[in-house]
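The values are calculated or read from the model by the stated rules, or taken from the named source; none is laboratory data. Quick caveat, the model's predicted, so the values are computed rather than measured. Reconstructed Cβ throughout: ideal geometry from the backbone, glycine too, with neighbour counts over all protein chains shown. Areas reflect the complete protein model, heavy atoms only, side chains present, ligands, DNA and RNA absent. Shrake-Rupley method; radii C 1.70, N 1.55, O 1.52, S 1.80 Å.
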Amino acid sequence: MRWVFAAIVALHGLIHLLGVAKAFGWAELPQLNLPISRPMGAVWLAAALLCLAAAGALFLWPRGWWMLGAAAVVVSQIAIVASWQDARFGTVVNVLLLLGVLQGYLVHGPQSFEARFARDTAALVETPADPGQVTQPEIDALPAPVRRYLSLSGVVAGSPRASSYALRLRGRIRSGPDEAWMPFEAEQQSATAPAARFFLMRASTHGLPVEAYHRLVGGHATMQVRVLGVIPVQDASGEVMDRSESVTLLNDMTLLAPRTLLDPAITWEPIDDVTARARLSQGAQQVSATLHFDAAGRVVNFVSDDRSRATSAPGDFTLTRFSTPVTAYFDDGPPLRVKHAEARWHAPEGEFVYAEFDVLSATIR
């Protein structure tokens, strides 16, 4: 759809060059009956260049293309009004371009999820204070399978602690076992001490853009979902969201930023040589998960009973077992890095995969 829209905008810009040719006498254009002055020819040229720039910016500057598009609409319509009898049908394209600009503003403008994500994460991407180094007594206090996993992940005595991490993910997601998959891309910024998680997901369904923004700060979480950047689908907060997002935070720490597992907010309970339980505390709230490891020391699953699944009713959630089996690791280690995993709901009607994701990048600071 974006390619089609860009092609229409670009063609609209090229058509404006006819007005330039008429104004400067570069070609005989009998289809343009009204004369066009040279100053107005410059307006036609500006409209052409702005339309072409907006079409290119859809791919080269997607977060700001709407500003060029807005300027193109204004300048183009000025040119069209001045030659209304010959050019009035160009208004139809300008209306289409204006709708695209409005959608671009809603998705990328100052009130968008994208802008909120940028503001929320600005402090996290600053150079943090030195978090210190991992000590051997800390490692020795961990259950045996956790020690092996951290060793494979490059977490050894003398290695730096982690204070924040950034992730880029790609995958697909669905709301139920019989629902259509939605492809998505996501970016995330998280921090420890105090814990924070900002997760922005961009998906599409039936050709329409869908955005979700998860925000966890100070133990309190919100989740908002919009279609076309403006139509609200979900707006959740409260204790259930706080617990669910805390489980997600612990899941991220386990699979994607294992250096953070030495955070003092996490306590450990050994179970056996390939299983351990982690508890994450945030104030009076505590969530837990059971971690399963293979014989080599890699995490193969994360299971928690403290996360809730959204039902078909907006704002309604049901406590449901949640798991994320890891299906692939990058083969360029050490250190060990998760490449692909699934997210599953163990619902009363049956277990099903509701999300699959690939890790595109993980930066730990």
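Rounded to 0.05, the FRET efficiency of the residue 115 and residue 140 pair, given R0 = 35 Å and the Cβ-Cβ distance, is 0.15.
Rolling a 1.4 Å probe over the protein heavy atoms leaves residue 15 with an accessible area of roughly 90 Å². Residues 197, 88 ordered from highest to lowest accessible area at a 1.4 Å probe: 88, 197.
Checking every one of the chymotrypsin sites (Phe, Trp or Tyr not before Pro) in segment 263-365 against DSSP loop status and a limit of 16 other Cβ atoms within 10 Å picks out 330. Across the chain, C-alpha contacts under 8 Å between residues 6 or more apart give a mean separation that, scaled by the residue count, equals a relative contact order of 12 percent.
Ranking of 152, 60 by solvent-accessible surface, largest first: 60, 152 (1.4 Å probe, protein heavy atoms only, all chains present).
Each Lys and Arg Cβ is given +1 and each Asp and Glu Cβ -1; about its Cα centre, segment 282-361 then shows a dipole of about 160 debye.
Using a probe of 1.4 angstrom and keeping all protein chains present, the accessible surface of the chain works out to 48 square angstrom per residue. Enumerate by residue number the trypsin sites (Lys or Arg not before Pro) in segment 239-312 meeting two conditions: DSSP loop (anything except H, G, I, E, B), and at most 15 other Cβ atoms within 10 Å of the site's Cβ. Filter output for segment 239-312: empty list.
Per-atom-type breakdown for the chain gives carbon and sulfur 61% of the accessible area (1.4 Å probe, protein chains only). Modelled this way, with points 7 Å down the Cα-to-C-beta line, the labels at residue 286 and residue 305 are 1.5 nm from one another. Taking GluC sites (Glu not before Pro) as exposed when their DSSP state is a loop state and no more than 14 other Cβ atoms lie within 10 Å, the longest site-free interval of the chain runs over 180-348. Diffusion coefficient of segment 139-218 by Stokes-Einstein, Kirkwood radius over Cα pairs, 20 °C, 1.002 mPa s: 138 µm²/s.
Would any residue of segment 229-273 have its amide N under 13 Å from a label point 7 Å out along Cα→Cβ of residue 1? List them or say none. Once the point is set 7 Å along Cα→Cβ of residue 1, 229-231 turn out to lie under 13 Å by backbone N, inside segment 229-273.
For residue 242, the solvent-accessible surface computed with a 1.4 Å probe is close to 20 Å², ligands and nucleic acids excluded. Each label was represented as a point 7 Å from its Cα along the Cα-to-Cβ direction; for residue 319 and residue 234 these points are 2.0 nm apart. Taking all protein chains as shown and a probe of 1.4 angstrom, residue 120 keeps an accessible surface of around 40 Å².
Here semi-axes √(5λ) of the Cα gyration tensor in Å was calculated from the structure, and among (i) 33, 28, 18; (ii) 38, 24, 17; (iii) 52, 21, 17 it sits at label (iii). Karplus-based coupling profile of segment 286-293, in residue order and whole Hz: 9, 10, 9, 8, 9, 9, 10, 10, with θ = phi - 60° in 6.51 cos²θ - 1.76 cosθ + 1.60 and x standing for Gly or Pro.
Are there chymotrypsin sites (Phe, Trp or Tyr not before Pro) in segment 29-132 that DSSP puts in a loop and that have at most 10 other Cβ atoms within 10 Å, and which ones? Working shown, then result.
Values: sites: 44, 59, 65, 66, 84, 89, 105, 113, 117; in loops: 89.
Answer in residue order: 89.
Model label sites at residue 269 and residue 327, defined 7 Å from Cα along the beta-carbon direction, differ in position by 3.1 nm. The mean sequence separation of alpha-carbon pairs under 8 Å and at least six residues apart, normalised by the residue count of segment 268-365, gives a relative contact order of 14 percent. Extents of segment 1-82, largest first, come to 38, 20, 18 Å (Cα atoms, principal axes, whole angstrom).
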